[in-house]
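Please read the structure below before turning to the comments.
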Amino acid sequence: MGLDPTRTVAELKELRALTGDANGSQRVAWTGTWLKAREWFADKLDGLPVEHHPDAAGNNWVTLAGESEKALLIGGHLDSVPNGGWLDGCLNVLAGLEVLRRIADQYRGRPPVTIRLVDWADEEGARFGRSLLGSSAFAGTHSIAADRARTDREGIRLEDALGRCGVSIDRFPEAAAEQKHAAAYIELHIEQGPVLETLGLPLGVVLGTKGVERHAIAFHGQEAHSGSTPMNARKDALAAAAKLVLEIRPIARRHPDAVCTMGSLKTFPGIVTAVVGRCEATLDQRDLDAAVLAQMFREAREASYRFAAEERCTVEWSRIWSIEPIAFHPELLDLCEAAIREVAGTSHRLPSGPLHDAAEVSRAGIPTVMMFVQSLGGISHNKIEDTREEHLELSVAAFDRLADKAMSWIGRQPLPHGRGSD
Ligand SMILES: [Zn+2]
């Protein structure tokens with residue numbers, strides 16, 4: 001019984017029917033529907049020669065023991081956003097399952113290296129606003145204190161919701177024990193953007209995840225009567241902010257993959273008869289290159305001071321959140337490219353704008369790479385999210401080749417430092 005990518009597509013549809021409704025997928029982490037998806041997945045493991053357990057952060061691990069303890073990790077997430085698509089996260093898990101079946105069969109249950117499939121808990125952060133929860137616990141980058149008291153819309157605390165699923169936030173750091181013997185990590189994901197479709201390509205090699213600078217910017221001017229204040233006497237905070245909204249576009253466009261977004265502007269007092277005295281804005285900047293990201297941040301800041309001065313206002317910046325760019329492993333990038341070329345003839349390298357669990361795994365020092373499959377219309381986190389079935393099948397075939405190449409690559413590596421010996 002060899003690899004059967006059509007089975008992956010059939011199982012994706014089965015999961016959609018089980019955990020979706022007219023508005024899309026409803027597998028929000030730490031809910032009954034999510035647990036139902038996980039039970040369904042556990043049933044799929046019947047008859048496979050694997051060990052299966054959840055770790056201290058609620059990540060589910062399926063292990064096919066090999067001749068060597070050195071392990072190839074394959075990851076994904078069954079959780080979705082509310083009203084989500086049918087592919088985001090679960091394609092990765094189900095493609096991984098198909099690869100695991102093929103390997104178990106080919107090596108009669110004992111491959112040369114250990115294969116571990118992980119279903120990360122709460123990748124999306126849809127309910128409590130904390131993305132990559134399970135994978136960051138695994139990576140040891142998670143700070144418990146900051147998240148314990150987060151609440152959902154109903155006021156239920158993160159700590160309590162996890163407790164109902166048998167996960168204690170106090171034991172989160174223990175999830176890092178799963179790093180033992182991890183030698184490489186691979187993840188397949190839908191692109192969730194338009195690049196591959198625009199190029200007419202089914203599959204791409206992901207270079208890494210972009211770093212993010214996210215800031216709150218407040219312009220201060222002077223509230224004044226819209227009728228009595230002459231144009232040259234105004235301190236219009238919105239005018240200064242508006243100039244910045246336009247300026248971040250050339251700042252981003254100087255770099256091929258950079259993006260800058262001002263997604264929120266609030267004006268005070270925000271009435272039709274007053275000059276804006278205060279304007280609160282947000283800025284989100286992303287690039288794969290830390291130097292580019294730092295430069296864009298500097299340029300946006302300098303521009304904001306210039307525009308504030310031009311409008312006789314002042315400006316204040318405060319960082320909301322940031323993360324450094326994560327570059328995936330150069331040798332695994334080459335393996336991923338070779339795997340894609342074997343099944344699709346041609347490949348393309350692109351960075352990921354969205355963050356993924358793979359970024360956390362890479363931060364833990366485990367050699368990592370991701371493969372993208374084309375998304376139709378670049379739409380995701382929405383029920384209309386879709387990928388052509390022939391592309392889904394190609395992605396499973398290419399991912400299987402990548403798993404093979406990664407296994408051979410692991411066989412050639414010494415035991416990873418700090419994750420070896422006993
Ligand atoms: Zn995802």
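Of the helices (runs of 4 or more DSSP H) contained entirely in the stretch 104-181, those carrying at least 1 residues that are in contact (Cβ under 8 Å) with a residue 40 or more places away in the chain fall at 133-139, 158-164.
A single entry from Gly204, Gly200, Gly211 fulfils the requirement of being touching a residue at least 60 places away in the same chain (Cβ under 8 Å), small (Gly, Ala, Ser) and away from the ligand (no atom under 16 Å from the Cβ): Gly211. Within the stretch 92-139, being of a type in the set (Asp, Glu) and out of contact with any helix residue (DSSP H, G or I) (no Cβ under 6 Å at 6 or more places or on another chain) holds for Asp105, Glu124. Please tell me if Gly140 is at positive phi and not aliphatic (A, V, I, L, M). Yes. Among the criteria (1) crowded, with 24+ Cβ neighbours inside 10 Å; (2) more than 16 Å from Glu51 (Cα to Cα), the one Ser131 does not fulfil is (1). Suppose we filter Val93, Val113 for residues that are on the phi < 0 side of the Ramachandran plot and within 16 Å of the ligand (Cβ to nearest atom); which single one remains? That would be Val93, the only listed residue that is on the phi < 0 side of the Ramachandran plot and within 16 Å of the ligand (Cβ to nearest atom). Kindly evaluate Thr267 against the criterion of being among the polar types (S, T, N, Q) and surrounded by fewer than 17 Cβ atoms within 10 Å (Cβ to Cβ). It is false that Thr267 is among the polar types (S, T, N, Q) and surrounded by fewer than 17 Cβ atoms within 10 Å (Cβ to Cβ). Taken over the stretch 242-256, residues that are over 30 Å from Arg349 (Cβ atoms) and without any contact (Cβ under 8 Å) to a residue 60 or more places away in the chain amount to 3. None of Glu154, Glu187, Glu174 is crowded, with 20+ Cβ neighbours inside 10 Å and not β-branched (Val, Ile, Thr) except Glu187.
His348 meets each of the listed conditions (1) closer than 30 Å to Ser143 by Cβ; (2) modelled with pLDDT of 95 or more; (3) surrounded by fewer than 19 Cβ atoms within 10 Å (Cβ to Cβ); (4) not charged (D, E, K, R) apart from (1). Within the bounds of the stretch 92-110, is there any residue that is of a type in the set (S, T, N, Q), over 22 Å from Thr6 (Cα atoms) and assigned by TED's automatic domain parsing to the domain that holds Val369? Within the stretch 92-110 (the criterion being of a type in the set (S, T, N, Q), over 22 Å from Thr6 (Cα atoms) and assigned by TED's automatic domain parsing to the domain that holds Val369), the answer is no, since none of the residues qualifies. Of all the residues in the stretch 342-367, those that are within 15 Å of the ligand (Cβ to nearest atom) and touching a helix residue (DSSP H, G or I) at 6+ places or on another chain (Cβ under 7 Å) number 3. Note on the stretch 341-365: residues that are in contact (Cβ under 8 Å) with a residue 60 or more places away in the chain and touching a Lys or Arg at 6+ places or on another chain (Cβ under 8 Å) total 5. Taken together, the residues in the stretch 54-65 that are buried (at least 23 other Cβ atoms within 10 Å of the Cβ) and either in a strand (DSSP E or B) or away from the ligand (no atom under 16 Å from the Cβ) (or both) amount to 4. Among the residues of the stretch 62-85, those identified as within 14 Å of the chain's Cα centre (by Cα) and not small (Gly, Ala, Ser) are His77, Leu78, Asp79, Val81. If we scan the stretch 154-174, do we find a residue that is within 16 Å of Ala359 (Cα to Cα) and more than 16 Å from the ligand (Cβ to nearest atom)? No, there is no match, as no residue in the stretch 154-174 is within 16 Å of Ala359 (Cα to Cα) and more than 16 Å from the ligand (Cβ to nearest atom).
What about Phe128, is it in the same structural domain as Glu51 (by TED's automatic domain parsing), out of contact with any His (no Cβ under 7 Å at 6 or more places or on another chain) and within 20 Å of Gln26 (Cα to Cα)? In short, yes. All told, Ile217 meets the bar of being surrounded by 20 or more Cβ atoms within 10 Å (Cβ to Cβ), outside any helix (DSSP H, G or I), assigned by TED's automatic domain parsing to the domain that holds Cys313 and aliphatic (A, V, I, L, M).
The values are calculated or read from the model by the stated rules, or taken from the named source; none is laboratory data. These figures come from a predicted structure and were not determined experimentally. All Cβ positions, glycine included, derive from the backbone under ideal geometry; neighbour counts span all protein chains shown.
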